[in-house]
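First comes the structure, then the notes that go with it.
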Amino acid sequence: MPPSKRPSSTAAASEDKLSRTRTEAVHEALRLAIIEQSLQPGARLPEDAIGESFGASRTIAREALGRLAVEGLVELKPNRGAFVANPSLEEGREIFLVRNGLERTVVQSLSGKLSATNEASLRSHVGKEEEASGRDAVRSMRLAGEFHLQLAAMTGNQLLERYVREVVSRCSLILATYGRPHSSDCAVTEHAEIVDALAKGDFETAADVMQRHLEAVADRALPPIKAGVDIRDVLARYASATTGPALENENASTSSPDVKVGDRRRPRKQE
């Protein structure tokens, strides 16, 4: 009998690479749909529908969803499937806190070290943001996030780039969940100021502008924390609306000296 043919190691490696490439393509497309808010928080993500949309297998769809779950953009629920994540306000505040620290590290790494090519690339990107500002809200939002991803990539620190990518994506999800409408003009101006400061090697200015910029994004994304209130203050308005003859008579009867709390004796008869 002729020996059975087995796929060569080269063919197997090629097939594995193709599978990874297709998974990455589906993963990136889904990520973009989520951060552009085409897929809203809480939306169901069926594997069969995803596979059919991209001409991919359910296995590839499952792998892409798994990656998004690691990034915090998708929630996998046992026996129910995958859903676009719906983060809480507390999670949102934690994400922005972490992002502040990461982005400060990014500008510190790049301050005074931007190559001419990188500087030109950033200024070109800011130009695209200016073109989209006020004209295309979805494109404007996507370009704003990509600016921060470009900065992180230019550090050459792959771990830092990965973390920044994750928090930027999560911040987009927070904006989709809780954010309020805003003008993108301020963001574009601040991006240009950051590039100027980095090119001059002015870390303090770059860090200050970055912090101010991220605080503005967080203010749009998260409602302010309300101070604790006394329940009596809350109910005072409702209580005043219920006062009337009936309630006054009831109060008068319960305040009689003959009737005490915990005393079930009837009032004494007048002699």
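The values are calculated or read from the model by the stated rules, or taken from the named source; none is laboratory data. Only a predicted model underlies this, so the values are computations on that prediction, with no experimental measurement involved. Backbone-built Cβ (ideal geometry, glycine too); neighbour counts: all protein chains shown.
Brief remarks on what is shown
- Checked against the criterion of being closer than 30 Å to THR59 by Cβ, surrounded by fewer than 15 Cβ atoms within 10 Å (Cβ to Cβ) and among the hydrophobic types (A, V, I, L, M, F, W, C), the candidates LEU97, LEU73, LEU159 yield just one match: LEU159.
- In the range 182-200, residue nearest to LYS113 (Cα to Cα) [restricted to those that are at pLDDT 95 or above and among the small types (Gly, Ala, Ser)]: ALA199
- Selection status of ALA56, outside the structural domain of TYR163 (by TED's automatic domain parsing), more than 28 Å from GLY179 (Cβ to Cβ) and in a loop (DSSP other than H, G, I, E, B): yes
- For the range 201-217, the condition of being surrounded by fewer than 18 Cβ atoms within 10 Å (Cβ to Cβ), at pLDDT below 95 and hydrophobic (A, V, I, L, M, F, W, C) holds for at least one residue.
- Checking each residue in the range 80-113 for being over 16 Å from GLY42 (Cα atoms) and in a loop (DSSP other than H, G, I, E, B) picks out SER111, GLY112, LYS113.
- Residue identified as assigned to a loop (DSSP other than H, G, I, E, B), under 21 Å from TYR163 (Cα atoms) and among the small types (Gly, Ala, Ser) among GLY72, GLY66: GLY72
- Scanning the range 24-73 for residues that are in contact with a helix residue (DSSP H, G or I) (Cβ under 7 Å, 6 or more places away or on another chain) and in contact (Cβ under 8 Å) with a residue 60 or more places away in the chain yields ARG31, ILE34, ILE35, GLU36, GLN37, GLN40, PRO41, GLU71, GLY72, LEU73.
- In the range 78-106, the residues that are without any contact (Cβ under 8 Å) to a residue 24 or more places away in the chain reach residues that are surrounded by fewer than 16 Cβ atoms within 10 Å (Cβ to Cβ) with C-beta atoms within less than 9 angstrom, at least six apart or across chains, in these pairs: ARG80/ARG44.
- Residues within the range 65-82 that are touching a Lys or Arg at 6+ places or on another chain (Cβ under 9 Å) and either small (Gly, Ala, Ser) or assigned by TED's automatic domain parsing to the domain that holds HIS148 (or both), tallied: 3
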